[in-house]
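**Q** This structure is in structure tokens; I'll ask about it shortly.
Just so it is clear, none of the values below were taken in a lab; they were calculated from the coordinates. Owing to the predicted nature of the structure, the values given are computational and were not obtained by experimental measurement.
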Amino acid sequence: MGFWKSLFSSTDAPPTSRTISIAGEAVDGGGDRASQIYFSTDRDIDLYELEELCDAVGWSRRPLRKVRKAIQHSFLVVSMWEQRGTHRRLIGFSRATSDHAFNATIWDVVVHPDFQNRGFGKALMKHVIKKLRSEDISNITLFADPHVVDFYRRLGFMSDPEGIKGMFWYPD
């Protein structure tokens, strides 16, 4: 509950882009040149870079024109970057759709395998949730593959809260 309480009690909107540090985790990723990790809400993302990130985690390819459209029509887009000298690398991404009043759904949460299990996914999710809360969104949902359900549970998400059952329609 402490995770959610810290999000709901904050009234300060996070900046568009910022450097982060993960408690207890060096962010230099090895090598002799230190790197910085930062978030951005800039929607002008190189779709080929995003496709490479999704490929790295084994996601199925999607038509780039549809990915572009999804990003353009999202309520929030958050990317996570590693900056090492002058080289910038996309290492995480997420987006959310919303009714702009009460509800938002988080989609496409992805963190490069080189940065998984080091607190970066948690930092990305915390940033997304804070941004949504700063817009006064109170109901945040997401869809999770079975192998990542525990990750989201540790962040305070729960399955079927109050007995609500999701329903889906798919074309034949």
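**Q** Each residue of segment 118-129 in order: what ³J(HN,Hα) in whole Hz does its phi give by Karplus 6.51 cos²θ - 1.76 cosθ + 1.60, θ = phi - 60°, with x for Gly and Pro?
**A** Ordered by residue, 3J(HN,Hα) equals 10, x, 6, x, 4, 5, 4, 5, 4, 5, 4, 5 Hz.
**Q** Do you know the relative contact order of segment 74-172, to the nearest whole percent, from alpha carbon pairs under 8 angstrom that are 6+ apart?
**A** 22 percent
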